Amino acid sequence: MKDRLDLLDPSQPPPSTPRDYVLRQAQIQGLGGIDFNYPQHFQTHHWTPREAKQTLDRLGLRAGAVCLRYPSEFARGAMNHPDPSTRRKAIELTKRAAEVAKILGADQVVVWSAYDGYDYPFQVDYREKWTQIVEAFRECCDAHPDVKWSLEFKPTDENTRFFTVPSTGAAMMLVTEIDRPNMGLTLDMGHMLMAGENPGQSIAMVGEKLFGIQLNDGYTRLAAEDGMMFGSIHPSMALEAMYQLRRIGFKGHFYFDTFPQRTDPVKEAEYNIRRVKEFWRAVEKMDETELEAVAREHDALGALKLVNDALRR
């Protein structure tokens, strides 16, 4: 909601605080909830979680999740920082995000660390870094068993060329080793594409441990996260992602992680909402008998026909 401020009424002061951005988001037709970044949306703007909850209630919206975004002081690592005292500070910050989530009425904390990883071979001890993350999440899960803890993996980033947890497969290994019922994953379409994955397959493999989904699209250039509108580049993958979400019985909310630098962010969000509904309805109309026959025979042409027919309806 920080983009395209030139579209707003010039006689009014431009939005500059999280409260202002929430009010702008409230204009989006079909929007039901908002995720908040912690600590950024609360520590620097004189806006408490309780005030945020009151604003959401007044607008008829709800908080979907609190998304942990570690400040730059953790640039050498958060849960993976080499200094134990700084690592402890990161874990305590992570646990405070759960307290904020409870005040907002959200049941989930999504952890994406821009800094837990490395840039060069031999720079870190991989097993040590893995163990640190396992132990940190176990502590968070045990401290707040009534909160869902969700790791959002990313394969690479300008801050960290190789993340400690770089793929859906590695993320599921982590969840298995953490071994807590309230530990799961949030999958981002763009991150899965960056990792060379088929999002539908990744969703199917995560299954009941999928706590959150972030929808967008991208051109899948190496290390590029494009944040394009959902289904705009890979409509067949978007369709299958919706099918797999229905198949696993996904009960969470849809979060749109797109980057509207050159479009109206309100209209872009409305487009994303419409597209999700269109794909969801298309999946509902697909014939399960045909789907089973195609899968049974590994029928490529049959699969393409199913997609084309679904998208034409």
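The values are calculated or read from the model by the stated rules, or taken from the named source; none is laboratory data. Keep in mind the model is a prediction, meaning the values are calculated, not measured. Note that each Cβ is placed from the backbone with ideal geometry, even for glycine, and that neighbours are counted across all protein chains shown. Remember, those area values only see protein heavy atoms, side chains included, never the ligands or the DNA or RNA. Shrake-Rupley method; radii C 1.70, N 1.55, O 1.52, S 1.80 Å.
Figures for the structure shown
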{"read-out": "Residue count for region 92-116, restricted to those that are closer than 16 Å to Pro166 by Cβ and either in contact with a Lys or Arg (Cβ under 7 Å, 6 or more places away or on another chain) or in a loop (DSSP other than H, G, I, E, B) (or both)", "value": "5"}
{"read-out": "Test: Phe279 is modelled with pLDDT of 95 or more, open to solvent by less than 70 Å² (accessible area, probe 1.4 Å) and under 18 Å from the mean Cα position of the chain (by Cα)", "value": "no"}
{"read-out": "Filter pass, Ala310 being among the small types (Gly, Ala, Ser) and without any contact (Cβ under 8 Å) to a residue 24 or more places away in the chain", "value": "no"}
{"read-out": "Top-ranked residue in region 78-126 [being of a type in the set (Phe, Trp, Tyr) and under 23 Å from the mean Cα position of the chain (by Cα); ranked as surrounded by the fewest Cβ atoms within 10 Å (Cβ to Cβ)]", "value": "Tyr118"}
{"read-out": "From Ala26, Ala75, residue being of a type outside the set (Ser, Thr, Tyr), at pLDDT 90 or above, surrounded by fewer than 19 Cβ atoms within 10 Å (Cβ to Cβ) and in contact with a helix residue (DSSP H, G or I) (Cβ under 8 Å, 6 or more places away or on another chain)", "value": "Ala26"}
{"read-out": "Contacts under 6 angstrom Cβ, first residue in region 96-109 being within 20 Å of Glu152 (Cα to Cα), partner open to solvent by 10 Å² or more (accessible area, probe 1.4 Å) and of a type in the set (Lys, Arg), 6 or more apart", "value": "Asp107/Lys148; Gln108/Lys148"}
{"read-out": "Where Gly218 falls short, out of the listed (1) in contact with a helix residue (DSSP H, G or I) (Cβ under 8 Å, 6 or more places away or on another chain); (2) buried (at least 20 other Cβ atoms within 10 Å of the Cβ); (3) in contact (Cβ under 8 Å) with a residue 40 or more places away in the chain", "value": "(3)"}
{"read-out": "Thr160 being over 21 Å from Arg246 (Cβ atoms), open to solvent by 10 Å² or more (accessible area, probe 1.4 Å) and polar (S, T, N, Q)", "value": "no"}
{"read-out": "Filtered residue count, region 145-164, keeping only those that are among the charged types (D, E, K, R), over 20 Å from Arg76 (Cβ atoms) and part of a loop (DSSP other than H, G, I, E, B)", "value": "1"}
{"read-out": "Meets criteria (farther than 20 Å from Arg69 by Cα, at pLDDT 95 or above and in a helix (DSSP H, G or I)) for Asp142", "value": "yes"}
{"read-out": "Matching option when the condition is of a type outside the set (S, T, N, Q), over 19 Å from the mean Cα position of the chain (by Cα) and surrounded by 15 or more Cβ atoms within 10 Å (Cβ to Cβ), among Lys129, Lys148", "value": "Lys129"}
{"read-out": "Looking only at region 231-253, and only at residues there that are farther than 14 Å from Val283 by Cβ and free of Cβ contacts under 8 Å to residues at least 60 places away in the same chain, the one that is most open to solvent (accessible area, probe 1.4 Å)", "value": "Lys251"}
{"read-out": "So Asp20, is it open to solvent by less than 70 Å² (accessible area, probe 1.4 Å) and either in contact (Cβ under 8 Å) with a residue 40 or more places away in the chain or touching a strand residue (DSSP E or B) at 6+ places or on another chain (Cβ under 9 Å) (or both)", "value": "no"}
